[in-house]
Structure formats: structure tokens, C-alpha cells
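Working notes for the structure below.
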Amino acid sequence: MDRIRIRGGRPLSGEIGIGGAKNAALPVMAAAMLTDERLLLSNVPRLADIQTMGLLLAQHGLAVEPVGNDGRTLSLGGTITNTEAPYDIVRKMRASALVLGPLLARTGEARVSMPGGCSIGARPIDLHLKGLEQMGATFRLDGGYIDGRVTGRLRGATIVFPFVSVGATENLLMAASLADGRTVLANAAREPEIGDLARCLNAMGARIEGIDSDRLTVEGVACLHGASHAIIADRIETGTYACAAAITGGEVMLNNARLDHLGATIRILREAGVEIDERPGGLRVRRLNGLHGADVMTEPYPGFPTDMQAQFMALMAVSDGAAMVTETIFENRFMHVSELNRMGARINVHGASAIVRGVSALSGAPVMATDLRASVSLIVAGLAARGETVVNRVYHLDRGYEALEQKLAACGADIERLSG
Ligand code: EPZ
């Protein structure tokens, strides 16, 4: 099992290329099921989760083929020949649930393994199912699988989400695109990845209005056609490397990064003493003076992203003050705290909040992570820690960060992957 070793203390300096957004590419790939024609996707990140989604779509009958030789352009298309999403794939990647809407919209049936929980929370899909039921689907639980059926086409409906759900918004947006009649999604998620999916669907012939707002209106159409679409840059990768540059007191150019997708992350990082400025082709991030404690609460977009919480906590661990970090999205997303404390951080968790008291320096240690963002927060901490940090279970990282050690090493970090 691979590990990553870091010897901390080197300010990052140089350029990092920000890749396509994992959480945009996954739903957009699922959208390929909504037509038999070819969907050509560019700027697709080379990640384990993308490969898993490719395998899932292929076992549903789609052809998923690389185009060119950069590994970032995919051609997807074909007819659905199998309507079952198997447990051994779904258990590895919860985003597999995103095939539910497309399967029901195209074939009238779906048998999808219940995704089950993960380390950050129970991760139910009840909002997905309730919305699809409002559109005429019926479901029953059978042997750990969700069996869904709809007679004829899904019907447009007005769906009001009781709270914001990225995945439920995506599943229902795809289902509504081919439903009979109008669908309104109220209290919809507004993450940039939703906008990217909606723009791709409209390029395929869908009729979606209200894109980037919390109220999406969809006029269902009988069929969708092929299209070409470029995946947006990954705002969480952007924020992660901004924290890496800041914690080392360095200066980094994040190529292809978009300031307009960072939401509250901009304000919070600037409040902490990080300079973020737009430059031609990306963002310049640096930290010249001390890091200040800044309180943060995770919220749906455009609030501070839950996927940035662990990385920001690592940054606050070496601030000259204190920070209150409150996690409102997931019920168990503080697993990185105990590992950061093993590196000398002073973090106390009280329910959904953690108080982080800055220390002058962290100390390297062997650490282990339990999810993608907790893993990368330990990398961020290791970049500034005195001595050597070895992060275990880096398969979590490979799910969401392409060429992480290469990107950091190119900016001067003393980092390498240890195999075995
Ligand atoms: C997406 O997960 C992202 N994953 C997550 O990123 C991200 O943390 C999350 O949105 C929040 O922004 C992908 O896009 C592939 P939700 P999703 O539905 O759609 C509860 C990463 O690190 N909920 O917005 O699963 C849920 O349990 C990953 O890249 C229900 O109760 O998140 C959570 O507490 C981690 N019932 C909250 O809502 C439902 O039917 C928000 O979940 C659906 C969700």
C-alpha cells in the first residue's frame, strides 16, 4: 500500500496546473447515459474515481474511450444494455448513485446497490428517491439494492428540497431533462459543478433555466443528442493548493484556477492572511506575513465548502491565533483532528465544532487518513511540519488529486511516494 513521505519546512514556489473538477466530471459522465449519441468530454481529471465511473458506465453498455493521448479527453456513448449498478462498484464510489436518474429516464427501470455510508457520514439518498417518486417512479429495497420502476416516462414535478443536496439535485436534473412536462427544483444546490452539468445537458438539447441559482426549471424533451463539453476547473483542488502555498509561506501560481468559483473560500483565506489575486490564466496565491485565526462554518455553495474544511483546519493549526471550525454538512468529518493533534496541533472537538489553537510549528509523524480530504489535510500539514511526515493509505488521495506529489515537488516540496 503506497505511502507519501514529506520533509516539511520548504516554502512552495512555482506553478501548479489545476485539473478538471472531479465532482463535475462524475455527474457529467453519468449524463452520457441520457443519449445513445456520443458525448465528448475534455479536461477530465485522471483519477481513480473517474476510472470507476467509466467501469460503471461500461457495464451499463456504454462505450467509454479515451481520445488522443493526454488521457483527459473521453468519448462516451452507446445504448444501455444493463440496468443494474453492482455492489462491488457502488461501494467503492458513492457517486455511482448518479446513474439512478438516467437509468429511469431512459429505460424505466434501475437496480442500484444502496451506496451505504462512508467514513464521513451515513450519506443516505432519500432525497434522490423521494424526488424520483414525485416524478412517478416507485422503489423497493431488495437485498441491499434499490429497485426502481416507472411506467412510461417520468413526469415533470415541482420538487422542494428540505435541505441542499448536491447529488439529489444532479440526479433529478438529469431525470427531469427527459421527463414529460415541466420540473421545478426548488432549494437546489448551486455548486459550480451543478452549473457545469446543466450547461452540458443544455448542450445535449435539454431545456434548463435558472442555472447557477437555487431554483432550476426544466422543460422535459423526448430525447437528447450528443455534444462536446469541457469540464470546469476543480475549485477544491484550487483551495487545497492555496492552503499548501499559504502554510509554507510560499508563493504559487495556480494555472486554470477560477476566482469566481471559490465562493466564501476567498474571504476566509484572505481573513487568515493569505493573498489571492487573479492573474492572466489563473490565481496567484502567497502568504508574506503571519497567519491569523479565522472562524469558519461549512455551508452549501457559495458558503465555505465542507470539502475544504480539513485543509483549512491544517492551516489554522499553525496560525498566530485561534479558529472555530464548524462542520454543518456531514456528521462525522473531523477524523483528521486526531492525526493533526499527533503532529502537535492543539484542536478540541465539541460536537459539530472544533476549536483550533495555533501552535508555532507542527512536528512530522506517521499519520493515517480515512477519506480524501482528511488525507490531503495531512499532506498540507506535513509540508510545514518540522521533520518527516509519512501519510499512509494514499489510495484515498488518488481518488481526488491527480499527480499530487509531482505538482508539489515541482514547487520545491521535499515529497515522494513510497511504494509497497
Ligand atoms: C457531494 O456529495 C460531493 N461528492 C461531496 O464531495 C461533497 O462533500 C458534498 O456534495 C457536499 O458538497 C460528489 O459530488 C461526487 P450532498 P453528495 O447530497 O452529493 C445529506 C469529496 O470529497 N443527504 O450535498 O453525497 C448528506 O448525508 C466529496 O469530493 C441526505 O440526508 O452530498 C449530507 O449530510 C465528499 N439525503 C448532506 O445531505 C440525501 O438524499 C449533503 O449531502 C442526500 C444527502
- Note on the structure: If R0 = 30 Å, then Asp70 and Cys223, at their Cβ-Cβ distance, give a FRET efficiency to the nearest 0.05 of 0.45
- Ala227 long-range amide H proximity, modeled H, under 5 Å: Leu39, Leu40
- Item | Calculated Rg and Dmax of the stretch 183-287 using C-alpha coordinates, Å | 17.2, 55
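Between Ile89 and Met114, what length comes free when the chain is fully extended (0.36 nm per residue of separation minus the Cα-Cα distance, one decimal in nm)?
That works out to 7.9 nm of additional length.
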- Would you compute, from DSSP H runs of 4+ residues alone, the mean residue ellipticity of the chain at 222 nm, taking -39500 (n - 2.57) per run and dividing by the full residue count, rounded to the nearest 500? -8500 deg cm²/dmol
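How about the stretch 52-158: which GluC sites (Glu not before Pro) there are in a DSSP loop, with at most 11 other Cβ atoms within 10 Å of their Cβ?
Working: sites: Glu84, Glu109, Glu133; in loops: none.
Qualifying residues, ordered by number: none.
Suppose R0 equals 60 Å. What FRET efficiency, 1/(1 + (r/R0)^6) with r the Cβ-Cβ distance, do Glu37 and Glu331 give to the nearest 0.05?
The pair Glu37/Glu331 has a calculated efficiency of 0.90.
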- Item | Antiparallel DSSP beta bridges within the stretch 311-420, as percent of all bridges there, nearest 5 | 70
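Would you work out what percent of the accessible area of the chain, with all protein chains in place, is carbon or sulfur (probe 1.4 Å)? Before the final figure, lay out each step's value.
Values: 7530 of 15570 Å².
Carbon and sulfur atoms account for 48 percent of the accessible area of the chain.
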- Message: As an exercise, take the mean of 1/r over every pair of distinct alpha carbons in the chain, invert it, and state the Kirkwood radius in angstroms.
- Response: 21.8
- Note on the structure: Looks like the stretch 240-338, by Cα gyration tensor root eigenvalues a ≥ b ≥ c and the a/c under 1.5 rounded cutoff (else prolate when a/b is bigger than b/c, oblate otherwise), is oblate
- Note on the structure: So, with points 7 Å from each Cα along the Cβ direction, the Arg149-Arg342 label distance in nm works out to 5.1
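Report the extension gain between His350 and Arg279 in nm, rounded to one decimal, defined as 0.36 nm multiplied by the number of residues separating them, less their alpha carbon distance. Could you put the intermediate results ahead of the total?
Numbers: separation 71, 0.36 × 71 = 25.56 nm, distance 4.00 nm.
That works out to 21.6 nm of additional length.
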- Task: Can you bin the stretch 88-214 into rounded, prolate or oblate? Criterion: square roots of the alpha carbon gyration tensor eigenvalues sorted a ≥ b ≥ c, rounded for a/c under 1.5, prolate for a/b above b/c, oblate for the rest.
- Result: oblate
- Message: For a quick check, take a GNM of the chain with Cα springs below 10 Å and name the residue from Ala245, Ala409, Ala310 with the largest mean-square fluctuation.
- Response: Ala409
- DSSP beta bridges in the stretch 147-239 [antiparallel fraction, %, rounded to 5]: 65
- For the stretch 135-142, just list the computed ³J(HN,Hα) in residue order, Karplus coefficients 6.51, -1.76 and 1.60, θ = phi - 60°, integers in Hz, with x standing in for Gly and Pro. 8, x, 7, 10, 10, 9, 8, 9
- Query: What is the set of long-range amide H partners of Gly19 at a cut-off below 5 Å, with H atoms built 1.01 Å from backbone N?
  - Reply: Asp234
- Connecting every pair of Cα atoms under 10 Å apart in the chain and solving the GNM, the largest mean-square fluctuation among Gly19, Gly220, Gly290 falls on Gly290
- What would the Debye formula give as log10 I(q)/I(0) at q = 0.15, 0.26, 0.29 Å⁻¹ for the alpha-carbon point model of the stretch 324-367, no solvent? -0.37, -0.92, -1.04
- Quick one: length gained pulling Met1 to Arg140 fully straight, 0.36 nm per residue minus the C-alpha distance? 46.2 nm
- Task: With both partners inside the chain, how many of the DSSP beta bridges are antiparallel, as a percent to the nearest 5?
- Result: 70
- Can you pull a Stokes-Einstein diffusion coefficient for the stretch 8-76 at 20 °C (1.002 mPa s), Rh from Kirkwood over Cα pairs, as a whole number of µm²/s? 162
- Task: Read phi for every residue in the stretch 166-178 and hand back ³J(HN,Hα) as whole Hz from Karplus 6.51 cos²θ - 1.76 cosθ + 1.60, θ = phi - 60°, with x for Gly and Pro.
- Result: 4, x, 5, 4, 5, 4, 6, 5, 5, 4, 5, 4, 10
- Task: For the stretch 265-408, just say rounded, prolate or oblate: build the C-alpha gyration tensor, square-root its eigenvalues into a ≥ b ≥ c, call rounded for a/c under 1.5, and beyond that prolate if a/b exceeds b/c, oblate if not.
- Result: rounded
- ³J(HN,Hα) across the stretch 181-190 via Karplus (A = 6.51, B = -1.76, C = 1.60, θ = phi - 60°), whole Hz, x for Gly/Pro? x, 9, 10, 10, 9, 9, 6, 6, 5, 10
- Note on the structure: Non-local residues with an amide H under 5 Å from the amide H of Leu418, with H modelled 1.01 Å from N and Pro and chain starts lacking one, are Arg3, Ile4, Arg5
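The values are calculated or read from the model by the stated rules, or taken from the named source; none is laboratory data. Given the structure is predicted, the values throughout are model-derived calculations rather than measurements. Neighbour counts run over all protein chains shown; Cβ positions are idealised from the backbone, glycine included. The area values use the complete protein model at the heavy-atom level, side chains included, leaving out ligands, DNA and RNA. Shrake-Rupley method; radii C 1.70, N 1.55, O 1.52, S 1.80 Å.
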